[in-house]
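Asks: Take a look at this one; I'll ask things after.
The values are calculated or read from the model by the stated rules, or taken from the named source; none is laboratory data. Keep in mind the model is a prediction, meaning the values are calculated, not measured. Methodologically, a virtual Cβ is constructed for each residue, glycine included, from the backbone with ideal geometry; neighbour enumeration extends over all protein chains shown. SASA here: full protein model, heavy atoms, side chains in, ligands and nucleic acids out. Shrake-Rupley method; radii C 1.70, N 1.55, O 1.52, S 1.80 Å.
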Amino acid sequence: LAECRVIKSSAEIEVVRYACYSASRAHVAVMKSAKPGDYEYQLEARFLAACYEKQGCRNVAYTSICACGPNGAILHYGHAGEPNAGRLEEDHMALLDMGCEYHCYCSDITCSFPARGEFSSDQRIIYQAVLNAQRAVIAAAKPGVSWVAMHELAEKTILCALQQAGILIPDLPITKFLDADIGALFMPHGLGHFIGLDTHDVGGYLPGHPQRSKRPGKSKLRTSRILQPGMLLTIEPGCYFIDALLDPALQNPETARFFVPHVLSRFRGFGGVRLEDVVLITNAGLSNLTLCPRTIDEVEGVMSGSLEWPPPTDTAPELQRAWGSFKNGAFHHEPLL
């Protein structure tokens, strides 16, 4: 039964597509309205209202994570102990992980954006690192590829960006950082998971398939399987500055040697950035069911009101977003120019 839920039927795919379409539209509505001084629970409330009032999605797929500023370093923020009660300040990044449910099928989407509508230089560094990781995985993911290899690719891409930013020492091959599990200090979760009837759907570690790694970071992967057509997964690279991970690493000579402490200190309290899309593995590669602003120009344009959404042209076709709209209960593919 679990294996039956790994490969989705065409009908299941269309229901998930609608859930992702609805959640994408709601995320954009929140992005347009967000401003310094808002509370995290207000952002959550706007998302819930948009999903239900505009799209008919009554239920959420999971408790919304609306993490602003330093709260973005708490991976599953928003629970009863941290109930989305923080305030969005001028210099904060907002990390909003929110999805809706439609006829029992889930969406799971994360957007990150600057509170003031324009990225600072440091915010730009971290956001672009994560976006580059997402781009790399989207370009490489296809049938026959190992999901563990995709996780490693995301880690490598983020580490390269952190090295270029001066946070990690220069002139050292990225393989050295990977061998020392430095990537897991900045992305301590798995790259993504199956999605369907559950947000974290079943089938990740069934008999006859690759088993869970024991390495930091990779051990958090919810599957190690080889990709197949019909799989629905999330691609959700992230980069976070988590004191509980960085402090021990800086105190351990074996790992401290990889960091440039005075540059790293500039990002303490930053929180984090995560970008999460739901994708369908196809015979040719993948199709991205998430239709949210992703590039820096897209995010800033939507927040300023200078860019309509969906946009008139697709300036990031490499993200493989499956543009279209629902009319009379059916999805109509409408590729952009």
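Asks: Which whole-number percentage describes the relative contact order of region 182-250, with Cα contacts under 8 Å and a sequence gap of 6 or more?
Replies: Reported as a whole number, the value is 42 percent.
Asks: Applying 1/(1 + (r/R0)^6) with R0 = 35 Å to the Cβ-Cβ distance of R5 and A85, what FRET efficiency is obtained, to the nearest 0.05?
Replies: 0.50
Asks: Can you tell me the dipole magnitude for the chain around its Cα centre, using point charges on the Cβ only (Lys, Arg +1; Asp, Glu -1), in Debye to the nearest 20?
Replies: Its charge dipole is roughly 560 debye.
Asks: Would you mind listing how long the chain runs along its three principal axes, going by Cα atoms, in whole Å with the largest first?
Replies: 61, 52, 42
Asks: Given Cα pairs under 8 Å that are at least 6 residues apart, what percent is the relative contact order of the chain?
Replies: 22 percent
Asks: Here's another thing I want to ask about it. Could you run the Karplus curve 6.51 cos²θ - 1.76 cosθ + 1.60 with θ = phi - 60° over region 187-196 and give me ³J(HN,Hα) per residue in whole Hz, x for Gly and Pro?
Replies: Once rounded to whole Hz, the list reads 10, x, 10, x, 5, x, 8, 5, 9, x.
Asks: While we're here: Let me have the relative contact order for region 236-337, percent, based on Cα pairs under 8 Å that are six or more residues apart.
Replies: Normalised by residue count, the contact order of region 236-337 is 20 percent.
Asks: Would you calculate a helix-derived [θ] at 222 nm for the chain, using -39,500 (n - 2.57) for each DSSP H run of n ≥ 4 and dividing by the full residue count, to the nearest 500?
Replies: -9500 deg cm²/dmol
Asks: Going by amide H atoms built from the backbone, whose H comes under 5 Å of the H on E89, apart from near neighbours?
Replies: G37
Asks: Continuing with this model, one more query. Under the rule that a partner needs its Cβ under 4.7 Å from the first Cβ, which Cys of the chain have none?
Replies: If one checks each Cβ against the other cysteines of the chain, C4, C20, C66, C68, C104, C106, C111, C160, C239, C292 turn up with nothing under 4.7 Å.
Asks: In terms of solvent-accessible area of protein heavy atoms at a 1.4 angstrom probe, what is the ranking of D297, D38, D243, D122, highest value first?
Replies: Ranked from most to least accessible, the order is D297, D243, D122, D38.
Asks: Work out the FRET efficiency for A284 and A45 from their Cβ-Cβ distance, taking R0 = 56 Å, and round it to the nearest 0.05.
Replies: Efficiency, from the Cβ-Cβ distance: 0.90.
Asks: At 1.4 Å probe size, with the rest of the protein present, what percent of the exposed accessible area of the chain is carbon and sulfur atoms?
Replies: About 54 percent, which is the carbon plus sulfur part of the accessible surface.
Asks: Using a 1.4 Å probe on the protein heavy atoms only, what accessible surface does K142 show? Give it in Å² to the nearest 10.
Replies: 100 Å²
Asks: Would you mind telling me which residue in G81, G192, G204 has the biggest mean-square fluctuation in a Gaussian network model of the chain, where springs connect alpha carbons within a distance under 10 angstrom?
Replies: Comparing G81, G192, G204 in the GNM, the peak value goes to G81.
Asks: What are the residues whose amide H is under 5 Å from the amide H of C68, where those residues sit 5 or more places off or on another chain and H is modelled from the backbone?
Replies: Residues meeting the amide H criterion: L95.
Asks: While we're on this one: Write down the accessible area per residue of the chain in Å², having rolled a 1.4 Å probe over the full set of protein chains.
Replies: Spelled out: the 1.4 Å probe surface of the chain, per residue, equals 41 Å².
Asks: How many nm separate the modelled label positions at R268 and A139, each set 7 Å beyond the Cα in the direction of the Cβ?
Replies: 3.6 nm
Asks: So in region 199-337, what percent of DSSP beta bridges are antiparallel if you round to the nearest 5?
Replies: 95 percent
Asks: Go through K35/K214; K35/K218; K35/K220; K220/K327; K32/K327; K8/K327 and tell me which ones have a Cα-Cα distance over 32 Å in this structure.
Replies: Flagged as over cut-off: K35/K214; K35/K218; K35/K220; K220/K327.
Asks: Here is a follow-up. Under the rule of at least 5 residues apart or a separate chain, name every residue whose amide H is placed under 5 Å from the amide H of G78.
Replies: N84
Asks: Could I ask something else about it? Looking at the chain as a GNM with Cα springs under 10 Å, which of A61, A133, A154 has the largest mean-square fluctuation?
Replies: Among A61, A133, A154, the largest GNM mean-square fluctuation belongs to A61.
Asks: Assuming R0 = 45 Å, can you tell me the calculated FRET efficiency for the pair D243 and N328, based on Cβ-Cβ distance, to the nearest 0.05?
Replies: Efficiency at R0 = 45 Å is approximately 0.30.
Asks: Under the Kirkwood approximation for Rh and a Cα-based Rg, what ratio Rg/Rh is obtained for region 105-242?
Replies: That ratio is 0.98, to two decimals.
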